[in-house]
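The values are calculated or read from the model by the stated rules, or taken from the named source; none is laboratory data. All values derive from a computational prediction rather than experimental measurement. Quick reminder, even Gly has a Cβ in these numbers, built from the backbone with ideal geometry, and neighbours come from all protein chains shown. What goes into the accessible areas is simple: the full protein's heavy atoms, side chains included, and nothing from ligands, DNA or RNA. Shrake-Rupley method; radii C 1.70, N 1.55, O 1.52, S 1.80 Å.
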Amino acid sequence: MRTRWYIYLRWFILSAIVVPGIVSLYVGYGWSAQLQDSLKLGLIAFGTNAVFFALSRMVKSKTVVRALITTIFVIDIAMITFFIYTKGGIESRSVIVYVVPIIMSAAIFSRKGVYGSALLSVLAYDVLILCNYFGVFASRGSLYPDLQIDSSYVINTIIFFNALLILISVAVDFIARLLMSNEQLATRRLNELMRAQSIAKFGSWEWKKVADVLVWSDELYEIFGIEKTSVPITFERYLECIHPDDKKLVIDEIHKASLTGMSFAFDHRIVLANGTVRYISSNGQSYSDKNGEITHLTGTARDITDSKLLEHAKNDFVAVTSHQLRTPATIVKQYTTMLSEGYAGEVTTQQKDFLKTIYDSNERQITIINDLLNIARIDSGNFNMNVQRTDLIAMLKQIRIEHSGKYKSKNQRLLFKPKYQKVYCNVDGDQIKMAIENLLDNAHKYTPAKKAVKIELKRKRKGVLISISDEGIGIPSKDIHKIFDMFSRIDNPSVLQEEGTGIGLYWAKKIITVHGGTIDVVSEHKHGTTFTIGLPYKIAK
Ligand code: ADP
């Protein structure tokens, strides 16, 4: 490749310097001997470049290419020397042109090339000057022929230019080595990154939006099962690999990121050419130019097929076992009720107390089983939502009435002062009610007596915000990130003295997320907590 650059550079030098030089000679001095020399040189240079250009395209063998480029250097140094000869030898400033093959050979051959070219240039120049000095021939165009034979001037010039060319070679070699070591370091780092990507099964990508070019890492080609070619991937081609059911999600997420400049993270499926489905976790970020226009997006894609399949197996297990457990638990409930109602004979007060304890524990058991079943259904995607136009004000009023008894028993106040008459949202009313009740149960459990819990509803442009604020024990900031995780309970005596499973918030978040909503928490340890649910007026299709 670099061989070609040199040939292109020669084209440039020939057309931008040599041709105008020859023309100006003709305009200035007419059909002179100097013009004829320059013309000959120009023609040789053009001719050799055309031949080398053609050869460099045909030849594949590295050795032949090296031999070819070495020949070009030798010819160039010879031509430069001849040029110096025609321009007056020792007086010619053209000696500096030797720097061109020296620099270029550094790029092509590194150290050997630099010093080889430098040595050849020094030798050619010295031989030219010494031939003049000893009268073998006289340089053409020399304005001061006496200088060519002035021994002290000749020695000084030789020493000066030899030293100058060698100094330049050392500098060029040093810079070339520095650049090369940086290049090697970059290549090594890139290889390490590629290896890491291959081990972790993740690929990286960059989408140049304007040109619609996707640059993929090797591992990404591997994950998508596409053979890497010199033609870059386009966004359209990428979309072809996405599972038909996930296409809309992918387009929406990327569209959103490229409009807002925000980062994104979502999971989706791809379908390989042989029909295999793989699960991918995509993360990315968009970047804009100084006018705020999004110019490119970058990100990573990780093959999470194994963990997804494991998760599906886990969900199936939870669904099946909770289903199996529900039937016997319900039977226990029925028989306990029958016993305590005296169907199997008279029950003493103590037996009634015992039966009440059995009944309460069994109730809790059934609630947990139902929670687990609900979670398994959402996780497995077998969750059918019954979405209806629902008045949230009416729902919250109802919830307040239903929960006020429990709150009163702990001497707490449950406040809800709606600002609106009615606020409609398209939601699964039963599920959203259960999610809100979950938050109210927590607020009740984790707030001391005589304190208040406040429900608020605010209308926003695209949806509503429902907040539940308590004056309770709060959540330490170090633990706040894990409260939405499954089975997560804060390790704290005031939490552990309350009954709980650590499922409620996990489930509530799932329900709200399937509605396209959000749930956020702000808490001050020992002072109180506010959960805020964001719900869209309509669930996006
Ligand atoms: P649990 O059944 O333990 O209440 P949740 O999933 O509903 O499970 O809540 C998880 C944990 O989050 C709780 O164990 C508790 O530590 C913390 N938490 C939830 N709500 C509150 C609240 N209002 N105030 C303080 N801590 C809370």
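Brief remarks follow.
- Every pair of residues 6+ apart whose Cβ atoms lie under 9 Å, when the first sits in region 125-151 and is more than 20 Å from ASN162 (Cβ to Cβ) while the second is open to solvent by less than 50 Å² (accessible area, probe 1.4 Å) and of a type in the set (D, E, K, R): ARG140/ASP37; GLY141/ASP37
- Yes/no for LYS397 being over 29 Å from HIS312 (Cα atoms), open to solvent by 90 Å² or more (accessible area, probe 1.4 Å), in the same structural domain as GLY517 (by TED's automatic domain parsing) and not in a helix (DSSP H, G or I): no
- Flag for SER322 being part of a helix (DSSP H, G or I) and over 45 Å from the mean Cα position of the chain (by Cα): no
- Residue match in region 6-29 (condition: open to solvent by less than 90 Å² (accessible area, probe 1.4 Å) and on the phi > 0 side of the Ramachandran plot): no
- Selection status of LYS209, over 15 Å from ALA301 (Cβ atoms), surrounded by 13 or more Cβ atoms within 10 Å (Cβ to Cβ) and at pLDDT 90 or above: no
For every residue, the table says whether it meets (1) part of a loop (DSSP other than H, G, I, E, B); (2) assigned by TED's automatic domain parsing to the domain that holds ARG237; (3) under 28 Å from SER380 (Cβ atoms).
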site: ASP267; (1), (2), (3): no, yes, yes
site: ILE270; (1), (2), (3): no, yes, yes
site: GLN285; (1), (2), (3): no, yes, no
site: LYS290; (1), (2), (3): yes, yes, no
site: HIS296; (1), (2), (3): no, yes, no
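- Among the numbered conditions (1) part of a helix (DSSP H, G or I); (2) β-branched (Val, Ile, Thr); (3) touching a strand residue (DSSP E or B) at 6+ places or on another chain (Cβ under 8 Å), the only one that ILE378 does not meet is (3).
- Residue selected from region 457-483 under the condition within 32 Å of the chain's Cα centre (by Cα) and open to solvent by less than 30 Å² (accessible area, probe 1.4 Å), by the criterion farthest from ILE539 (Cα to Cα): ASP479
- Pick from region 491-509, criterion hydrophobic (A, V, I, L, M, F, W, C) and surrounded by fewer than 18 Cβ atoms within 10 Å (Cβ to Cβ), ranking: farthest from the ligand (Cβ to nearest atom): LEU496
- Elements of type helices (runs of 4 or more DSSP H) in region 1-86, at least 3 residues being among the polar types (S, T, N, Q): 33-58, 62-86
- If you go through region 430-487 and pick out every residue that is within 22 Å of VAL387 (Cα to Cα), near the ligand (Cβ under 9 Å from one of its atoms) and of a type in the set (S, T, N, Q), you end up with 1.
- Every residue from region 167-206 that is crowded, with 16+ Cβ neighbours inside 10 Å and more than 32 Å from the chain's Cα centre (by Cα): ILE168, SER169, VAL172, ASP173, ALA176
- Considering each residue of region 377-384 in turn, at least one proves to be in contact with a Ser or Thr (Cβ under 9 Å, 6 or more places away or on another chain) and open to solvent by less than 50 Å² (accessible area, probe 1.4 Å).
- Within region 437-445, the presence of a residue that is loosely packed, with under 14 Cβ neighbours inside 10 Å and touching a Leu at 6+ places or on another chain (Cβ under 8 Å) is excluded.
- Qualifying position, being open to solvent by 90 Å² or more (accessible area, probe 1.4 Å) and among the aliphatic types (A, V, I, L, M), among LEU259, LEU272, LEU249: LEU259
- Take the conditions (1) within 9 Å of the ligand (Cβ to nearest atom); (2) over 27 Å from LYS417 (Cβ atoms); THR513 misses just one of them, which is (1).
- Matching residues in region 22-40 - criterion: being among the small types (Gly, Ala, Ser) and over 19 Å from ALA78 (Cα atoms): SER24, GLY28, GLY30, SER32, ALA33
- Selection of region 190-235 for residues being charged (D, E, K, R) and touching a residue at least 12 places away in the same chain (Cβ under 8 Å) yields LYS201, GLU206, LYS208, LYS209, ASP212, ASP218, GLU219, GLU222, LYS228.
- Cβ-Cβ contacts under 7 Å between residues 6 or more apart (or on different chains), taken from a first residue in region 434-463 that is closer than 21 Å to HIS525 by Cβ and polar (S, T, N, Q) to a second residue that is in a loop (DSSP other than H, G, I, E, B) and within 15 Å of the ligand (Cβ to nearest atom), are listed as THR447/GLN412; THR447/GLU471; THR447/GLY472.
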